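The structure appears below as C-alpha coordinates.
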Amino acid sequence: MTRVAVNGVTGQMGGAVIEAATDSEVVVGFATSDTDGVDGVPVVHPAEAAAALREYDVDVVVDFAVPEGALTVAEACVEVGVSIVVGTTGFDEDGIGRLKDASEEVPLLKATNFSQGIQVLQRLISEAVGTLEDYDLELMETHHNRKVDAPSGTASSILDVIQEERDVEPVYGREGHAPREDDEIGVFARRAGDIRGEHELVLAGNDEVLSLSHRAEDRGVFAAGALDAAAWLVGRDAGWYAFGDVVDA
Ligand SMILES: NC(=O)c1ccc[n+]([C@@H]2O[C@H](COP(=O)([O-])OP(=O)(O)OC[C@H]3O[C@@H](n4cnc5c(N)ncnc54)[C@H](O)[C@@H]3O)[C@@H](O)[C@H]2O)c1
Ligand SMILES: O=C(O)C1=N[C@H](C(=O)O)CCC1
(Lines give C-alpha, C1' and ligand atoms only; values in the text may rest on other atoms or scores of the structure.)
(Ligands and ions follow the chains in the order given, each with its own letter.)
Protein backbone atom coordinates (compact mmCIF):
# COMPACT_ATOMS: atom_id res chain seq x y z
CA MET A 1 0.00 0.00 0.00
CA THR A 2 1.43 3.42 -0.99
CA ARG A 3 2.57 5.41 2.07
CA VAL A 4 1.47 9.05 1.64
CA ALA A 5 2.35 12.27 3.43
CA VAL A 6 -0.15 15.11 2.96
CA ASN A 7 1.17 18.67 2.88
CA GLY A 8 -1.53 21.07 4.05
CA VAL A 9 -3.12 18.21 5.98
CA THR A 10 -5.30 20.42 8.23
CA GLY A 11 -6.85 22.24 5.25
CA GLN A 12 -9.98 21.60 3.21
CA MET A 13 -8.12 19.50 0.67
CA GLY A 14 -6.01 17.80 3.31
CA GLY A 15 -9.15 16.49 4.92
CA ALA A 16 -10.51 15.38 1.54
CA VAL A 17 -7.33 13.43 0.81
CA ILE A 18 -7.45 11.66 4.18
CA GLU A 19 -11.10 10.74 3.52
CA ALA A 20 -10.38 9.52 -0.02
CA ALA A 21 -7.30 7.47 0.89
CA THR A 22 -8.67 3.93 0.75
CA ASP A 23 -6.03 2.28 -1.49
CA SER A 24 -3.22 4.37 0.02
CA GLU A 25 -2.23 5.05 3.62
CA VAL A 26 -1.80 8.62 4.90
CA VAL A 27 0.95 8.10 7.48
CA VAL A 28 1.84 11.72 8.32
CA GLY A 29 0.82 15.27 7.46
CA PHE A 30 2.52 18.66 7.32
CA ALA A 31 0.90 21.96 8.33
CA THR A 32 1.70 25.13 10.21
CA SER A 33 -1.49 24.74 12.21
CA ASP A 34 -1.08 24.43 16.00
CA THR A 35 -2.13 20.79 16.25
CA ASP A 36 -0.31 17.48 16.61
CA GLY A 37 -2.89 15.35 14.83
CA VAL A 38 -5.94 15.33 12.56
CA ASP A 39 -8.25 12.35 11.93
CA GLY A 40 -5.66 10.06 13.51
CA VAL A 41 -2.85 11.37 11.27
CA PRO A 42 0.18 12.85 13.08
CA VAL A 43 0.86 16.48 12.05
CA VAL A 44 4.43 17.74 11.74
CA HIS A 45 5.65 21.28 11.05
CA PRO A 46 6.97 21.60 7.46
CA ALA A 47 10.38 22.60 8.81
CA GLU A 48 10.69 19.01 10.13
CA ALA A 49 9.46 17.40 6.89
CA ALA A 50 12.72 15.65 5.92
CA ALA A 51 12.99 13.86 9.26
CA ALA A 52 9.31 12.89 9.10
CA LEU A 53 9.64 11.53 5.55
CA ARG A 54 12.36 9.21 6.84
CA GLU A 55 10.66 8.34 10.13
CA TYR A 56 7.34 7.41 8.49
CA ASP A 57 8.97 5.76 5.44
CA VAL A 58 6.94 7.92 3.05
CA ASP A 59 6.70 6.90 -0.62
CA VAL A 60 5.12 10.11 -1.94
CA VAL A 61 3.92 13.51 -0.78
CA VAL A 62 0.50 14.83 -1.86
CA ASP A 63 0.57 18.61 -1.57
CA PHE A 64 -2.39 20.94 -1.16
CA ALA A 65 -1.03 23.87 0.87
CA VAL A 66 0.40 27.28 -0.02
CA PRO A 67 3.21 27.94 -2.50
CA GLU A 68 5.96 28.55 0.07
CA GLY A 69 4.89 25.49 2.00
CA ALA A 70 4.91 23.35 -1.11
CA LEU A 71 8.43 24.53 -1.93
CA THR A 72 9.67 23.77 1.60
CA VAL A 73 8.33 20.23 1.40
CA ALA A 74 9.57 19.75 -2.17
CA GLU A 75 13.08 20.55 -0.94
CA ALA A 76 12.66 17.94 1.79
CA CYS A 77 11.56 15.43 -0.87
CA VAL A 78 14.77 16.14 -2.80
CA GLU A 79 16.84 15.71 0.38
CA VAL A 80 15.28 12.34 1.16
CA GLY A 81 14.51 11.10 -2.37
CA VAL A 82 10.69 11.08 -2.18
CA SER A 83 8.22 11.68 -5.04
CA ILE A 84 5.81 14.59 -4.80
CA VAL A 85 2.41 15.42 -6.31
CA VAL A 86 1.91 19.20 -6.26
CA GLY A 87 -1.68 20.43 -6.16
CA THR A 88 -1.07 23.84 -4.57
CA THR A 89 -1.79 26.75 -6.93
CA GLY A 90 -0.66 30.39 -7.02
CA PHE A 91 3.05 29.90 -7.65
CA ASP A 92 5.02 32.77 -9.20
CA GLU A 93 7.64 32.19 -11.90
CA ASP A 94 10.39 31.75 -9.30
CA GLY A 95 8.33 29.12 -7.51
CA ILE A 96 7.72 27.18 -10.72
CA GLY A 97 11.44 27.34 -11.38
CA ARG A 98 12.20 25.87 -7.96
CA LEU A 99 9.73 23.05 -8.60
CA LYS A 100 11.40 22.38 -11.97
CA ASP A 101 14.75 22.19 -10.16
CA ALA A 102 13.28 19.65 -7.72
CA SER A 103 11.96 17.56 -10.62
CA GLU A 104 15.53 17.06 -11.81
CA GLU A 105 16.16 15.09 -8.60
CA VAL A 106 12.82 13.37 -7.83
CA PRO A 107 9.59 12.49 -9.71
CA LEU A 108 7.31 15.54 -9.51
CA LEU A 109 3.77 15.70 -10.89
CA LYS A 110 2.05 19.11 -10.83
CA ALA A 111 -1.56 19.83 -11.73
CA THR A 112 -3.70 22.85 -11.05
CA ASN A 113 -6.75 20.59 -11.21
CA PHE A 114 -6.88 16.87 -10.47
CA SER A 115 -10.34 16.23 -11.92
CA GLN A 116 -10.49 14.12 -15.07
CA GLY A 117 -13.28 16.37 -16.35
CA ILE A 118 -11.01 19.41 -16.45
CA GLN A 119 -8.44 17.40 -18.40
CA VAL A 120 -11.12 16.67 -21.00
CA LEU A 121 -12.40 20.27 -20.89
CA GLN A 122 -8.91 21.54 -21.72
CA ARG A 123 -8.68 19.17 -24.71
CA LEU A 124 -12.14 20.32 -25.91
CA ILE A 125 -11.12 23.96 -25.50
CA SER A 126 -7.99 23.41 -27.56
CA GLU A 127 -10.10 21.92 -30.39
CA ALA A 128 -12.78 24.63 -30.18
CA VAL A 129 -10.37 27.60 -30.08
CA GLY A 130 -8.31 26.12 -32.92
CA THR A 131 -11.42 25.69 -35.06
CA LEU A 132 -13.39 28.86 -34.23
CA GLU A 133 -10.46 31.13 -35.01
CA ASP A 134 -12.27 34.53 -35.03
CA TYR A 135 -14.72 33.98 -32.15
CA ASP A 136 -14.48 36.17 -29.05
CA LEU A 137 -13.30 34.27 -25.96
CA GLU A 138 -14.33 35.03 -22.37
CA LEU A 139 -13.37 32.90 -19.33
CA MET A 140 -15.05 32.78 -15.89
CA GLU A 141 -14.22 30.77 -12.78
CA THR A 142 -16.15 30.55 -9.53
CA HIS A 143 -14.87 29.20 -6.20
CA HIS A 144 -15.60 29.28 -2.46
CA ASN A 145 -15.14 32.45 -0.46
CA ARG A 146 -11.98 31.17 1.30
CA LYS A 147 -9.90 30.88 -1.87
CA VAL A 148 -6.92 33.24 -1.63
CA ASP A 149 -5.53 33.14 -5.16
CA ALA A 150 -7.14 34.55 -8.31
CA PRO A 151 -7.70 33.67 -10.97
CA SER A 152 -7.73 29.96 -10.18
CA GLY A 153 -4.80 27.83 -11.21
CA THR A 154 -7.21 25.96 -13.46
CA ALA A 155 -8.16 29.19 -15.23
CA SER A 156 -4.47 29.97 -15.73
CA SER A 157 -3.95 26.50 -17.18
CA ILE A 158 -6.91 27.04 -19.52
CA LEU A 159 -5.31 30.32 -20.63
CA ASP A 160 -2.10 28.41 -21.37
CA VAL A 161 -4.08 25.95 -23.53
CA ILE A 162 -5.72 28.85 -25.40
CA GLN A 163 -2.36 30.58 -25.93
CA GLU A 164 -1.15 27.44 -27.72
CA GLU A 165 -3.87 28.06 -30.33
CA ARG A 166 -4.21 31.85 -30.42
CA ASP A 167 -2.28 34.89 -29.19
CA VAL A 168 -4.67 36.46 -26.68
CA GLU A 169 -4.29 39.29 -24.16
CA PRO A 170 -5.99 38.49 -20.83
CA VAL A 171 -8.07 41.34 -19.35
CA TYR A 172 -8.78 40.65 -15.67
CA GLY A 173 -12.20 42.29 -15.28
CA ARG A 174 -13.49 45.43 -16.96
CA GLU A 175 -14.79 48.72 -15.60
CA GLY A 176 -15.32 52.32 -16.83
CA HIS A 177 -14.86 53.01 -20.54
CA ALA A 178 -13.54 49.60 -21.61
CA PRO A 179 -14.26 48.72 -25.26
CA ARG A 180 -13.26 45.17 -26.13
CA GLU A 181 -10.17 44.75 -28.28
CA ASP A 182 -10.19 41.89 -30.80
CA ASP A 183 -7.28 39.98 -29.19
CA GLU A 184 -8.67 40.23 -25.64
CA ILE A 185 -9.92 37.42 -23.41
CA GLY A 186 -11.87 38.59 -20.39
CA VAL A 187 -10.98 36.60 -17.27
CA PHE A 188 -13.36 36.82 -14.30
CA ALA A 189 -13.05 35.28 -10.84
CA ARG A 190 -16.10 34.98 -8.60
CA ARG A 191 -15.87 34.01 -4.93
CA ALA A 192 -19.01 32.87 -3.07
CA GLY A 193 -20.21 30.37 -0.50
CA ASP A 194 -18.56 26.95 -0.59
CA ILE A 195 -18.60 26.49 -4.37
CA ARG A 196 -16.07 23.73 -5.06
CA GLY A 197 -15.02 24.92 -8.53
CA GLU A 198 -16.73 26.04 -11.75
CA HIS A 199 -15.05 27.02 -15.03
CA GLU A 200 -16.69 28.25 -18.23
CA LEU A 201 -15.24 29.36 -21.56
CA VAL A 202 -17.57 31.24 -23.91
CA LEU A 203 -16.75 31.37 -27.62
CA ALA A 204 -18.99 33.92 -29.38
CA GLY A 205 -19.17 34.92 -33.03
CA ASN A 206 -20.86 34.25 -36.38
CA ASP A 207 -24.31 34.67 -34.81
CA GLU A 208 -23.73 31.79 -32.34
CA VAL A 209 -22.32 31.10 -28.88
CA LEU A 210 -20.49 27.94 -27.76
CA SER A 211 -20.13 27.46 -23.96
CA LEU A 212 -17.73 24.83 -22.57
CA SER A 213 -17.96 24.37 -18.80
CA HIS A 214 -17.11 22.12 -15.86
CA ARG A 215 -18.40 21.97 -12.29
CA ALA A 216 -16.77 20.10 -9.43
CA GLU A 217 -19.36 19.03 -6.88
CA ASP A 218 -17.06 17.73 -4.13
CA ARG A 219 -13.39 18.13 -3.18
CA GLY A 220 -13.23 14.36 -3.30
CA VAL A 221 -12.83 14.53 -7.07
CA PHE A 222 -9.57 16.42 -6.65
CA ALA A 223 -8.41 14.19 -3.80
CA ALA A 224 -9.08 11.00 -5.75
CA GLY A 225 -7.22 12.31 -8.78
CA ALA A 226 -4.23 13.36 -6.69
CA LEU A 227 -4.08 9.96 -4.99
CA ASP A 228 -4.27 8.21 -8.37
CA ALA A 229 -1.42 10.43 -9.54
CA ALA A 230 0.57 9.62 -6.39
CA ALA A 231 0.25 5.85 -6.90
CA TRP A 232 1.18 6.27 -10.58
CA LEU A 233 4.22 8.45 -9.79
CA VAL A 234 5.95 6.23 -7.20
CA GLY A 235 8.90 4.33 -8.65
CA ARG A 236 9.28 6.47 -11.79
CA ASP A 237 12.44 8.28 -12.84
CA ALA A 238 13.05 11.81 -11.67
CA GLY A 239 11.21 14.25 -13.93
CA TRP A 240 8.36 16.69 -14.51
CA TYR A 241 5.03 14.90 -15.04
CA ALA A 242 1.47 16.05 -15.76
CA PHE A 243 -1.93 14.68 -14.71
CA GLY A 244 -2.75 14.04 -18.37
CA ASP A 245 -0.06 11.32 -18.23
CA VAL A 246 -2.13 9.59 -15.52
CA VAL A 247 -5.50 10.08 -17.23
CA ASP A 248 -4.10 8.58 -20.45
CA ALA A 249 -2.36 5.67 -18.65
N1 LIG B 1 -4.88 20.92 -7.97
C2 LIG B 1 -6.13 20.73 -7.55
O3 LIG B 1 -6.89 19.85 -8.06
C4 LIG B 1 -6.64 21.55 -6.39
C5 LIG B 1 -7.92 21.34 -5.87
C6 LIG B 1 -8.31 22.08 -4.74
C7 LIG B 1 -7.44 23.01 -4.18
N8 LIG B 1 -6.21 23.19 -4.74
C9 LIG B 1 -5.23 24.11 -4.16
O10 LIG B 1 -4.75 23.54 -2.95
C11 LIG B 1 -4.36 24.60 -2.06
C12 LIG B 1 -5.02 24.38 -0.72
O13 LIG B 1 -6.42 24.49 -0.88
P14 LIG B 1 -7.35 24.34 0.44
O15 LIG B 1 -8.74 24.72 0.03
O16 LIG B 1 -7.12 23.02 1.06
O17 LIG B 1 -6.74 25.48 1.37
P18 LIG B 1 -6.81 25.58 2.99
O19 LIG B 1 -6.53 27.02 3.29
O20 LIG B 1 -8.08 24.95 3.48
O21 LIG B 1 -5.59 24.67 3.49
C22 LIG B 1 -4.27 25.11 3.37
C23 LIG B 1 -3.42 24.23 4.26
O24 LIG B 1 -2.05 24.61 4.11
C25 LIG B 1 -1.49 24.72 5.41
N26 LIG B 1 -0.33 25.60 5.34
C27 LIG B 1 -0.28 26.94 5.44
N28 LIG B 1 1.00 27.36 5.36
C29 LIG B 1 1.75 26.24 5.20
C30 LIG B 1 3.13 25.98 5.04
N31 LIG B 1 4.02 26.99 5.04
N32 LIG B 1 3.55 24.70 4.89
C33 LIG B 1 2.65 23.68 4.88
N34 LIG B 1 1.32 23.85 5.03
C35 LIG B 1 0.89 25.13 5.18
C36 LIG B 1 -2.59 25.20 6.30
O37 LIG B 1 -2.30 24.90 7.66
C38 LIG B 1 -3.75 24.33 5.76
O39 LIG B 1 -3.63 23.02 6.31
C40 LIG B 1 -4.73 25.90 -2.76
O41 LIG B 1 -3.60 26.39 -3.44
C42 LIG B 1 -5.77 25.45 -3.79
O43 LIG B 1 -5.84 26.29 -4.93
C44 LIG B 1 -5.81 22.50 -5.83
O1 LIG C 1 -10.69 25.10 -4.02
C2 LIG C 1 -9.69 25.55 -4.63
O3 LIG C 1 -8.90 26.43 -4.19
C4 LIG C 1 -9.39 25.00 -5.98
N5 LIG C 1 -8.24 25.35 -6.52
C6 LIG C 1 -7.73 24.85 -7.77
C7 LIG C 1 -7.48 26.03 -8.71
O8 LIG C 1 -6.97 27.07 -8.19
O9 LIG C 1 -7.73 25.88 -9.91
C10 LIG C 1 -8.61 23.77 -8.37
C11 LIG C 1 -10.04 23.99 -8.16
C12 LIG C 1 -10.37 24.14 -6.68
Original post:
Do you know which residues across region 79-97 are surrounded by 19 or more Cβ atoms within 10 Å (Cβ to Cβ) and either more than 14 Å from ligand 1 (Cβ to nearest atom) or charged (D, E, K, R) (or both)?
Top reply: Val82, Ser83
Original post:
Taking interchain pairs and intrachain pairs at least six residues apart, which have beta carbon atoms under 8 angstrom, with the first residue in region 34-50 and open to solvent by 30 Å² or more (accessible area, probe 1.4 Å) and outside any loop (DSSP other than H, G, I, E, B) and the second of a type outside the set (Val, Ile, Thr) and modelled with pLDDT under 95?
Top reply: Pro42/Asp36
**OP:** Examine region 154-168 for a residue that is in a strand (DSSP E or B) and not acidic (Asp, Glu), and state whether such a residue exists.
**Re:** no
**OP:** Out of the residues in region 143-170 that are open to solvent by less than 30 Å² (accessible area, probe 1.4 Å) and over 16 Å from the mean Cα position of the chain (by Cα), state the one that is farthest from ligand 1 (Cβ to nearest atom).
**Re:** Val168
Original post:
Among the residues of region 211-242, which ones are assigned to a helix (DSSP H, G or I) and either aromatic (Phe, Trp, Tyr) or touching a Cys at 6+ places or on another chain (Cβ under 9 Å) (or both)?
Top reply: Phe222, Trp232
Original post:
Restricting region 51-65 to residues that are out of contact with any Cys (no Cβ under 9 Å at 6 or more places or on another chain) and in contact (Cβ under 8 Å) with a residue 60 or more places away in the chain, which is least open to solvent (accessible area, probe 1.4 Å)?
Top reply: Val62
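The values are calculated or read from the model by the stated rules, or taken from the named source; none is laboratory data. Only a predicted model underlies this, so the values are computations on that prediction, with no experimental measurement involved. Neighbour counts run over all protein chains shown; Cβ positions are idealised from the backbone, glycine included. Only protein heavy atoms, including side chains, enter the accessible area calculation; ligands, DNA and RNA are left aside. Shrake-Rupley method; radii C 1.70, N 1.55, O 1.52, S 1.80 Å.
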